[in-house]
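Heads up, the thing below is written out as structure tokens.
The values are calculated or read from the model by the stated rules, or taken from the named source; none is laboratory data. For clarity, every value in this text was computed on a predicted model and none was experimentally measured. Positions of Cβ are backbone-derived with ideal geometry, glycine not excepted, and every protein chain shown enters the neighbour counts.
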Amino acid sequence: MRTSKIAVIGATGLVGETILKVLEERKINGEYFLFASKEHAGAKVYIGGEEYILEELTVARVEEIKADFALFAAGADVSKEWAPRFVKVGTTVIDNSSYYRMHAEVPLIVPEVNAHAVGNHKLIANPNCSTIGAVVALAPLNRVYRVKRIVYSTYQAISGAGRNPQFKHPIQNNVLPDIDMLLPDGNTKEEAKMINETRKILGDQSIAISATAARVPVANCHCISINVEFYEQPDLQKVKEVLSQAAGIVYCDNYAVPTQVTGHDEVYVGRVRLDISQPNTVNLWTVSDNLRKGAATNAVQIMELLLA
């Protein structure tokens, strides 16, 4: 790959740190510019043994660097203000925040699912961490049988709430079914993200989706129980074959758990079985590292897609 100027915004957060780790692991040939909040500016960070100094974002610096890519991992407010500034100087922005995901003109990309949608866009959104883990499993099945309805139940790790998260109740020994703010329709914002983002990524607004998202006392990796109804009766063996051959999936004859999946970039899929309560329906259990495939790795994969 050619040498690219790569800016990372939010380099000291959990996702930002993971982006740096993934860039190093995947040996991306780049000149890096690392940005963080004012209190972290001046600190040293190492990528591949090379020292970098954290900087505070300024308009002058954005215009001076004219980065090829900017990977945002600093939250919606920062993305709202600064992503357009990078785009203005010709940078391709890949944004991990929720701010641009549902903007009609901004592609929402999971490379294994809808790489074709990247096009020539200068602003690309990275989906929600749970959505990514779900659609990687659903997309290959959707190509064969077409999805009619989905019921999601998530078991989301503490690391998905960022560094030093605050919860309404103690998380230890608890399950908290209220991730993010409550919306007027009774869903939480996290549940709405999964519903709306799934439809956008799969390119089908007709899919009926229900979601319940819960935080569990697990350090890392999100688990999802997926009940998916198709327009025709699926063959169970065919379903297993499709999943076992699909890009980005590790198919499990039994199941995977978070301690096995932490540090991996694939979505692990198991507990695959027919729903005996109604026709045309299959149950799946997925586990994915929410900091890696659910955020950092997916963003870097989008950049690799564009570099290729």
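So the values come out like this:
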item: Qualifying residue in the range 109-125 (condition: under 25 Å from N187 (Cα atoms), assigned to a loop (DSSP other than H, G, I, E, B), at pLDDT 95 or above and β-branched (V, I, T)); result: yes
item: Pairs with Cβ under 8 Å, 6+ apart, first in the range 269-282 and in contact (Cβ under 8 Å) with a residue 24 or more places away in the chain, second of a type in the set (K, R); result: V272/K240; N280/K148; V282/R273
item: Flag for V110 being in contact with a helix residue (DSSP H, G or I) (Cβ under 6 Å, 6 or more places away or on another chain) and either without any contact (Cβ under 8 Å) to a residue 60 or more places away in the chain or crowded, with 21+ Cβ neighbours inside 10 Å (or both); result: yes
item: Residue within the range 249-264 that is of a type outside the set (A, V, I, L, M) and buried (at least 21 other Cβ atoms within 10 Å of the Cβ) present; result: no
item: Scope the range 25-51; condition outside any loop (DSSP other than H, G, I, E, B), touching a residue at least 12 places away in the same chain (Cβ under 8 Å) and either among the aliphatic types (A, V, I, L, M) or under 26 Å from P165 (Cβ atoms) (or both); matching residues; result: L34, F35, K38, H40, V45, I47
